[in-house]
Amino acid sequence: MCGIIGITGQAAAVDGVVSGLRRLEYRGYDSAGVVTTDPKGLRLVKRAGKLDNLTAALEGQPLSASTALGHTRWATHGEPNDRNAHPHLDPSGRVAIVHNGIIENYQTLKAELGDVRFASETDSEVVAHLIAEELAAPAPATAPATATAAERAMSTAEAGTPDLLAAVRAVVARLEGAYALCVVAADDPETLVVAKHEAPLILAQADGVGYCASDVAALIEHTNEVAALLDGQLARITPDGVEVVDVDGAPATPHAYTVDWDLAAAEKQGYDHFMLKEIHEQPQAVADTLLDRLNAPAPGLPPRLQLDELRIDEGEFSRIDKVFILACGTSLHAGMVGKLAIEHWAGIPVDVEVASEFRYRDPIVDPHTLVIAISQSGETIDTIAGAAHARDQRAPVIALTNVVGSTLARDADGVLYTHAGPEVAVASTKAFTTQIVGCLLLGLYLGQARGRVYSSEVADILERFDRVPDALREVLALDGQLRELAQRYHDVDSTMFIGRHAGLPIAMEGALKLKEISYLHAEAFPAGEMKHGPIALIEPGSLVVALAPAGHVFGKMVSNIQEVRARGASVLAIGTAGSTAALVEHADDVLTLPEPPHELAGPVLSVVPLQLFSYHVATLRGEDVDQPRNLAKTVTVE
Ligand code: G6P
């Protein structure tokens, strides 16, 4: 979704802004723009398409200033063209804004402005007009005791002197919807004013330069000491410092934290694409998720699985009688493995639900319901809102996320971090495998807390999990085979992925990966459901990818494979050392994975060939692997 970066107090601020926008490209966008300030006015350049279009335009009209504001737009209202790109100006060209989110009442606000011409079709532009209107309004000399918040805000400025922060405060009080806003004005050229409601916004100050950004990736080259603005907060950022206030103008404190990764982690490091790099980082990422989880609570006592970040006393879990897992996209598939783990080890019923559906129905949630909200970014609006919906009903919420200090992590009662390092490619890979590991840890932990899994079993299972990184390295060594398979199949019209039990979430994830980055039609089904409809689509030339590891559903998978093959499909079977001998006669191609050290860890291994297959198919088809069309990494609008 939209990316924002603002810089004030740095020579050649535009270069810094463009560099920050490059680091935000991964979020997904379709146009970009930048504005600079100086007392003579604002200077604006914006272009549809990739950032290179903007930088080419900037070469033709270089902007030199020490304050600049940039934006990458993921279109919601109005097509992605130059006009609709951000920043947006007020009609006098004295105020510029960038916005991430959706202003839901923009039509009402436009109507309130009367007969005014708008330059774009966006919901955002009206905010620039409203701020300019506020700045033009005469300010009261002093605020009477009975003053409204907006009047008091105005009084903080010298009488008669327009105050940008006060004007923005007055305007955000009228906005409905979600926003991370950054505002600059020609009359206050060294100031950035920001406001946040339900969309992330980060502040930083380093070496006499003030920054704001939609996420830390844009700031990491400058500092790793940042602060997340909280909902309802606004800030004035100047080269001299940052002032944070709440909607009433009272001083407020944002959430300050240290980013635990550095610039090198956010670079491609010799790989052709971030996605390929992140696929290959999975052994280390999984090892980091598992690091230091088994500890003796006191000398002489048997070691226990300890999830210190959870911040919830282990005893609390004995009262839980139901679990909801909420997530979107890839994270939802990790949640499906989480259901298997929790039901298996903890014996608690689990519902896995698309977060955007959960929040708009009446789920039966009470203080005995545990909600696990999974989101790699911790900023997906539906997951955040779903978790808030549950908390309103006093259900404890655990966030399973990769991003320290993210909104989901801050709002939750407890948090389990996956420690996967930054994930830049839109298509999630290492975040997914580490989410699965996080789910396995949570399942085991709940089982331990409820006395259903003995310490010795916990230790044995964790010892098995510790072998997963090496098994992942073996799977990654199959890359050459996967490239050949991609060569053979990269032109098929349609692919179906089928699986059962722990293979089903991976079939779903495999189909999602393929469609996300190669734009090939791909669907996934529980293998047993094929006969209830989807098998009608099978014809000669169809490709079916079947997850068929050794295990209790292997025999059933073989039957389902035979059924599709009998109807002309080519079958690519993903087996394990214990199953492939039996698969060879039923499939056109068989890939042999190592036997997983635990059946429930199987998905961590079996998704990797599907990631690599999708990657190679997409590159063979010449697609933009890291930034697929229409998709965004962090979905901050509903
Ligand atoms: C977007 C991304 C997916 C991701 C989903 C949920 O659609 O492109 O890769 O799985 O959002 O994101 P989250 O950050 O909540 O895991």
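The values are calculated or read from the model by the stated rules, or taken from the named source; none is laboratory data. It should be emphasised that the depicted structure is a prediction, and the values quoted were computed from it without experimental measurement. Methodologically, a virtual Cβ is constructed for each residue, glycine included, from the backbone with ideal geometry; neighbour enumeration extends over all protein chains shown. We work out accessible area using only protein heavy atoms, side chains counted, and drop any ligands, DNA or RNA first. Shrake-Rupley method; radii C 1.70, N 1.55, O 1.52, S 1.80 Å.
Scan region 589-625 for residues that are among the charged types (D, E, K, R) and within 22 Å of the chain's Cα centre (by Cα) and report the count. Give the steps one after another, and end with the answer.
Step one: of region 589-625, the residues among the charged types (D, E, K, R) are 589, 595, 599, 621, 623-624.
Narrowing the set further to residues that are within 22 Å of the chain's Cα centre (by Cα) leaves 623-624.
Qualifying residue count, region 589-625: 2.
So, in region 504-519, how many residues would count as being part of a helix (DSSP H, G or I), more than 13 Å from the ligand (Cβ to nearest atom) and open to solvent by 10 Å² or more (accessible area, probe 1.4 Å)?
Selection size over region 504-519: 1.
So how many residues does region 280-295 have that are crowded, with 19+ Cβ neighbours inside 10 Å and within 12 Å of ALA420 (Cβ to Cβ)?
8
I'm told HIS77 meets every condition in (1) without any contact (Cβ under 8 Å) to a residue 24 or more places away in the chain; (2) surrounded by fewer than 16 Cβ atoms within 10 Å (Cβ to Cβ) except one. Can you identify the failing condition by its number?
(1)
If I ask for residues that are more than 7 Å from the ligand (Cβ to nearest atom), surrounded by 24 or more Cβ atoms within 10 Å (Cβ to Cβ) and either free of Cβ contacts under 8 Å to residues at least 40 places away in the same chain or not β-branched (Val, Ile, Thr) (or both), which ones from region 368-377 would you list?
Taking region 368-377 as the starting set, the residues that turn out to be more than 7 Å from the ligand (Cβ to nearest atom) are 368-373.
Narrowing the set further to residues that are surrounded by 24 or more Cβ atoms within 10 Å (Cβ to Cβ) leaves 370-373.
If the condition is that a residue be more than 7 Å from the ligand (Cβ to nearest atom), surrounded by 24 or more Cβ atoms within 10 Å (Cβ to Cβ) and either free of Cβ contacts under 8 Å to residues at least 40 places away in the same chain or not β-branched (Val, Ile, Thr) (or both), then LEU370, ALA373 are the ones that fit.
I'd like the full set of residues that are part of a loop (DSSP other than H, G, I, E, B) and crowded, with 20+ Cβ neighbours inside 10 Å, limited to region 93-119.
Across region 93-119, the qualifying residue is only ARG94.
Does LEU24 satisfy being in contact with a strand residue (DSSP E or B) (Cβ under 7 Å, 6 or more places away or on another chain) and away from the ligand (no atom under 16 Å from the Cβ)?
For LEU24, the condition - in contact with a strand residue (DSSP E or B) (Cβ under 7 Å, 6 or more places away or on another chain) and away from the ligand (no atom under 16 Å from the Cβ) - is not met.
Of everything in region 398-419 that's within 15 Å of ALA285 (Cβ to Cβ) and within 13 Å of the chain's Cα centre (by Cα), which residue is modelled with the lowest pLDDT?
VAL404
Determine which single condition PRO540 fails, assuming it passes every other condition in (1) open to solvent by less than 20 Å² (accessible area, probe 1.4 Å); (2) in contact with a Gly (Cβ under 6 Å, 6 or more places away or on another chain).
(1)
Which of the strands (runs of 3 or more DSSP E) found entirely inside region 322-399 contain at least 3 residues meeting this: β-branched (Val, Ile, Thr)?
By residue number, 350-354, 369-375.
If you go through region 201-222 one residue at a time, how many are charged (D, E, K, R) and open to solvent by 50 Å² or more (accessible area, probe 1.4 Å)? I'd like the intermediate steps shown before the answer.
Within region 201-222, the subset charged (D, E, K, R) is 207, 215, 221.
If we keep only those that are open to solvent by 50 Å² or more (accessible area, probe 1.4 Å) too, we end up with 207, 221.
Residues meeting the conditions: 2.
I'm checking my understanding of the structure. Among residues of region 614-625 that are within 14 Å of the ligand (Cβ to nearest atom) and within 15 Å of LYS50 (Cβ to Cβ), which one is most open to solvent (accessible area, probe 1.4 Å)?
ASP624
Taking region 16-33 only, how many residues are more than 22 Å from THR223 (Cα to Cα) and either in contact with a helix residue (DSSP H, G or I) (Cβ under 9 Å, 6 or more places away or on another chain) or assigned to a helix (DSSP H, G or I) (or both)? Please lay out each step first, then the result.
The first filter runs over region 16-33 and keeps only residues more than 22 Å from THR223 (Cα to Cα), leaving 28-33.
From what's left, either in contact with a helix residue (DSSP H, G or I) (Cβ under 9 Å, 6 or more places away or on another chain) or assigned to a helix (DSSP H, G or I) (or both): 29, 31-33.
Residues that pass the stated criteria total 4.
With respect to PRO596, determine if the residue is open to solvent by 20 Å² or more (accessible area, probe 1.4 Å), over 30 Å from VAL216 (Cα atoms) and modelled with pLDDT of 95 or more.
When the stated conditions are applied, PRO596 passes them.
Could you say whether any residue in region 323-342 is of a type in the set (D, E, K, R) and more than 25 Å from the chain's Cα centre (by Cα)?
no
Does PRO628 qualify as being open to solvent by less than 20 Å² (accessible area, probe 1.4 Å), within 22 Å of the chain's Cα centre (by Cα) and within 13 Å of the ligand (Cβ to nearest atom)?
yes
Restricting attention to region 223-253, which residues are open to solvent by 40 Å² or more (accessible area, probe 1.4 Å) and under 14 Å from LEU181 (Cβ atoms)?
Selection gives ASP231, ARG236, VAL247.
Among the residues of region 17-71, how many are in contact with a His (Cβ under 8 Å, 6 or more places away or on another chain) and either at positive phi or open to solvent by 10 Å² or more (accessible area, probe 1.4 Å) (or both)?
Total meeting the criteria: 1.
Grab the helices (runs of 4 or more DSSP H) fully contained in region 423-495, keeping just those with 2 or more residues being more than 29 Å from the chain's Cα centre (by Cα).
Passing ranges, in order: 430-449, 455-465, 479-489.
If I go through region 335-344 residue by residue, how many of them are within 16 Å of the ligand (Cβ to nearest atom) and either surrounded by fewer than 24 Cβ atoms within 10 Å (Cβ to Cβ) or free of Cβ contacts under 8 Å to residues at least 12 places away in the same chain (or both)?
1
Is it the case that some residue within region 58-77 is of a type in the set (Gly, Ala, Ser), more than 18 Å from VAL183 (Cβ to Cβ), in contact with a strand residue (DSSP E or B) (Cβ under 7 Å, 6 or more places away or on another chain) and outside any loop (DSSP other than H, G, I, E, B)?
For region 58-77, residues of a type in the set (Gly, Ala, Ser), more than 18 Å from VAL183 (Cβ to Cβ), in contact with a strand residue (DSSP E or B) (Cβ under 7 Å, 6 or more places away or on another chain) and outside any loop (DSSP other than H, G, I, E, B): absent.
Just wondering, is there one or more residues in region 388-406 that are touching a residue at least 12 places away in the same chain (Cβ under 8 Å), away from the ligand (no atom under 12 Å from the Cβ) and within 24 Å of ARG23 (Cα to Cα)?
Going through region 388-406, the residues touching a residue at least 12 places away in the same chain (Cβ under 8 Å) turn out to be 388-391, 393-406.
The next check asks that each one be away from the ligand (no atom under 12 Å from the Cβ); those that pass are 388-391, 393-398, 404-405.
If we keep only those that are within 24 Å of ARG23 (Cα to Cα) too, we end up with 404-405.
Yes, region 388-406 contains at least one residue that is touching a residue at least 12 places away in the same chain (Cβ under 8 Å), away from the ligand (no atom under 12 Å from the Cβ) and within 24 Å of ARG23 (Cα to Cα).
Across region 406-439, which residue is most open to solvent (accessible area, probe 1.4 Å) among those that are over 20 Å from GLY386 (Cβ atoms) and not hydrophobic (A, V, I, L, M, F, W, C)?
For region 406-439, the residue satisfying everything is HIS419.
How many of the residues making up region 266-307 are in a helix (DSSP H, G or I) and touching a strand residue (DSSP E or B) at 6+ places or on another chain (Cβ under 9 Å)?
So the count comes out to 1.
If I ask for residues that are under 20 Å from HIS368 (Cβ atoms) and within 16 Å of the ligand (Cβ to nearest atom), which ones from region 299-334 would you list?
Of everything in region 299-334, those that are under 20 Å from HIS368 (Cβ atoms) and within 16 Å of the ligand (Cβ to nearest atom) turn out to be PHE324, ILE325, LEU326.
Restricting attention to region 552-574, does a residue exist that is crowded, with 20+ Cβ neighbours inside 10 Å, touching a Pro at 6+ places or on another chain (Cβ under 7 Å) and modelled with pLDDT of 95 or more?
Checked against the condition, which is being crowded, with 20+ Cβ neighbours inside 10 Å, touching a Pro at 6+ places or on another chain (Cβ under 7 Å) and modelled with pLDDT of 95 or more, region 552-574 yields at least one hit.
Taking the condition within 16 Å of the ligand (Cβ to nearest atom), open to solvent by 10 Å² or more (accessible area, probe 1.4 Å) and β-branched (Val, Ile, Thr), does VAL354 pass?
Yes; evaluated as a whole, the condition is true for this residue.
Could you list all residues from region 407-428 that are more than 9 Å from the ligand (Cβ to nearest atom) and not hydrophobic (A, V, I, L, M, F, W, C)?
THR407, ARG410, ASP411, ASP413, GLY414, TYR417, THR418, HIS419, GLY421, PRO422
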